[in-house]
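The values are calculated or read from the model by the stated rules, or taken from the named source; none is laboratory data. Remember, it's a predicted structure, so these values are computed and weren't measured experimentally. Every residue, glycine as well, gets a Cβ built from its backbone with ideal geometry; the counts of neighbours run over all protein chains shown. The protein model used for the area step is the full one, side chains on, heavy atoms only, and it has no ligands, DNA or RNA in it. Shrake-Rupley method; radii C 1.70, N 1.55, O 1.52, S 1.80 Å.
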2 protein chains.
Amino acid sequence: MRRLLLISNSTLHGSGYLEHCKDAIKDFLSDQVKTVLFIPYALHDRDNYASSARKAYTEMGYGLESIHEKPNAVDAVKQAEAIFIGGGNTFRLLKTLYDEKVIEIIRQRVLEEGVPYIGSSAGTNVATVSINTTNDMPIVFPPSFQALGLVSFNINPHYQDPDPNSKHMGETREQRITQFHEYEDAPPVLAIREGCILHVEGDKATLCGKNDARLFIRGKTPEEFQPGADMSFLLEWKKSS
Amino acid sequence: MRRLLLISNSTLHGSGYLEHCKDAIKDFLSDQVKTVLFIPYALHDRDNYASSARKAYTEMGYGLESIHEKPNAVDAVKQAEAIFIGGGNTFRLLKTLYDEKVIEIIRQRVLEEGVPYIGSSAGTNVATVSINTTNDMPIVFPPSFQALGLVSFNINPHYQDPDPNSKHMGETREQRITQFHEYEDAPPVLAIREGCILHVEGDKATLCGKNDARLFIRGKTPEEFQPGADMSFLLEWKKSS
Ligand SMILES: [Ca+2]
Ligand SMILES: [Ca+2]
C-alpha cells in the first residue's frame, strides 16, 4: 500500500530542521522502521546535508543512511526500509535521480512494495507528476520535467499568498500556477503553505500540519482546505482524454 | 554592430506598460527604425499582448507588427528592422522560439547584421547564454535551457534583495544564484533590479535606468553597480577551460 508524507518545507521560521514535522514523521514511520534511506541530491554539499538529516532522524529514534555514501544507488533503494528526499534545488535533484537511474526503482518500491516515502520541499515536488510547479531556479537542465508520479497531481510547496503591499512586479504564485493551467491536461496543483503536510495512505489522502492548502484545478476557482481535510478525491484525478 | 537594450521589467510599480523605459527605447531606436517586430511568445494570449505592445510603441512613434500575425515566423525575423521580445513565462517563450525555429535567425540578424534587439524580463533572459537564471515557474519543458547567446553572461531580471523581515523559508534570490554558481563554468550573472536596464553597443555595455544592479561571479563576492556604470568587461567573459 502506497504510504507518503509530503511536507511543504523542512524548516519552519523560528524552529529547527524538521522540528515542525517531527511528530508527523514519527507517527508515519512508527516503530516499524529502523533506518531511513536519505537522498541528499538537491544540495551540492551532500556530506554536510546528510549530517544534518542524520542528527534530526537520530533524535527521532531512527538510523539514517545517505544514498551518496553507498556503493550503488540502485541497490541502496532496493534495500531501503523507508526513503526520505530532502529539499534544495528541484532541478538538481531530479537531474541526479535520472543520472543515478533510481526513478523507476523508487517508484516501484513505493507504489508496489509500500516502502514509506517522506518528501520535503523539492523532495515533495519530485514525488508528484512533474516538477512543472517548483519554485526553484532552473540551475541545471534535467532530461525531463516528469517526476516520480507517486500521485497523479502536482504540488506547489512553500505556497505564498500575494502580498498586497508589494511593489514587486514579478508574477504572484497564483499567477504562475494559473499560467501552468493555460496548458491542456495540466493536472491539479495542491499549493501547500509552509507548515502544511499531505499524508497519503493507499487511496486516502489527508491534509495535516500547521497551515492551510489552496487547490488549483484548471478552469475552476481555487479552493481552500484546512488541516484535517480529506483530499482523497485528488488521488483519483485522471488526465482527461 | 550588436545593439541590445535589456530591460529588467516592462512595468514599474505605479506606472504604465513600458512607461519607465520609454525614453531609453526612443533613444535606442531613434528615427532610424520605423517598425518593430514584436515576439509575444511568453504569454498565452498573443492577440491581447500584441495590442498592449502596439499601443505603447505607437505612442513612442513606431509601428509594431507581431510575429504571430505573420504567415511565416522565420521570414518575419528576416525582414525585421528591430526586434522586441516581451516578458511573461521564460520557459514558454524559449520553447516557442525553438518550436518556431527562429533561434538561429534572430542570433544572426542581431549579431551579424546589427538589427536592434529590445528585451524585457523573459525577453532579457532569452538574450543571454541560458535561461538558468530566470525566476519563472517551469510550466513547460523546452528542448534546452540554452538561449540566444547575444551576450556571454546571464542576467537575472526583477532582482530582489533579501527581506530581513520575511518569515518565508524558500531560498533568497542571492542563494539561488549562488547555487547556480556551484556548477563549474557557470557564467557571471548580472542581477538587474526592477527599473534597471543594460544597454549594449558593440563591445560597450552601460548600465542605465532607475535602479542598481548586483553582479555575481562564481567564487567572488557580489558587487554593486549604479546607473552609468561601464559594464563592458562583462562582454569579454569567456568560459574558463
Ligand atoms: Ca528549493
Ligand atoms: Ca516572468
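Descriptive notes on the structure:
Residues checked against (1) within 13 Å of ligand 2 (Cβ to nearest atom); (2) within 21 Å of A:PHE180 (Cα to Cα); (3) out of contact with any helix residue (DSSP H, G or I) (no Cβ under 9 Å at 6 or more places or on another chain):
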position	(1), (2), (3)
B:MET137	yes, yes, no
B:PRO157	yes, yes, no
B:ILE177	no, no, yes
B:ALA186	no, no, no
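- Count - residues of segment B:48-101 that are aromatic (Phe, Trp, Tyr), under 19 Å from B:ALA147 (Cα atoms) and part of a helix (DSSP H, G or I): 2
- Residues of segment B:85-114 that are away from chain A (no Cβ under 14 Å) and within 16 Å of ligand 2 (Cβ to nearest atom): B:ILE85, B:LEU97.
- Scanning segment A:13-41 for residues that are within 15 Å of ligand 1 (Cβ to nearest atom) and under 25 Å from A:LEU207 (Cα atoms) turns up A:TYR17, A:ILE39.
- Condition check for A:THR124: surrounded by 24 or more Cβ atoms within 10 Å (Cβ to Cβ) and within 16 Å of ligand 2 (Cβ to nearest atom): no
- Yes/no for B:GLU69 being loosely packed, with under 14 Cβ neighbours inside 10 Å and either within 16 Å of ligand 2 (Cβ to nearest atom) or in contact (Cβ under 8 Å) with a residue 12 or more places away in the chain (or both): yes
- Residue check for B:SER152: of a type in the set (Ser, Thr, Tyr), within 21 Å of B:THR11 (Cα to Cα) and more than 16 Å from ligand 1 (Cβ to nearest atom): no
- Candidates are the residues of segment B:214-235 that are in a loop (DSSP other than H, G, I, E, B) and among the basic types (Lys, Arg); the one that is surrounded by the fewest Cβ atoms within 10 Å (Cβ to Cβ) is B:LYS220.
- Unmet requirement for A:ALA56, which otherwise passes all of (1) farther than 20 Å from A:ALA205 by Cβ; (2) within 14 Å of another protein chain (Cβ to nearest Cβ): (2)
- In the set (1) crowded, with 19+ Cβ neighbours inside 10 Å; (2) closer than 15 Å to B:ASN9 by Cβ; (3) touching a His at 6+ places or on another chain (Cβ under 9 Å), the condition left unmet by B:ARG92 is number (2).
- Checklist (1) closer than 23 Å to B:PRO138 by Cβ; (2) out of contact with any strand residue (DSSP E or B) (no Cβ under 6 Å at 6 or more places or on another chain) applied to B:ILE105, failing item: (1)
- Lone qualifier among A:TYR62, A:TYR17, A:TYR57, A:TYR49 - being away from ligand 2 (no atom under 16 Å from the Cβ), under 29 Å from B:ARG173 (Cβ atoms) and modelled with pLDDT of 95 or more: A:TYR49
- Scanning segment A:1-45 for residues that are open to solvent by 80 Å² or more (accessible area, probe 1.4 Å) and in contact with a Ser or Thr (Cβ under 8 Å, 6 or more places away or on another chain) yields a single hit, A:GLU19.
- Test: residue in segment A:183-197 that is closer than 21 Å to B:ILE131 by Cβ and open to solvent by less than 60 Å² (accessible area, probe 1.4 Å): yes
- Residue that is nearest to ligand 1 (Cβ to nearest atom) [pool: residues in segment A:102-113 that are open to solvent by 10 Å² or more (accessible area, probe 1.4 Å) and either closer than 19 Å to A:THR124 by Cβ or not in a helix (DSSP H, G or I) (or both)]: A:ILE103
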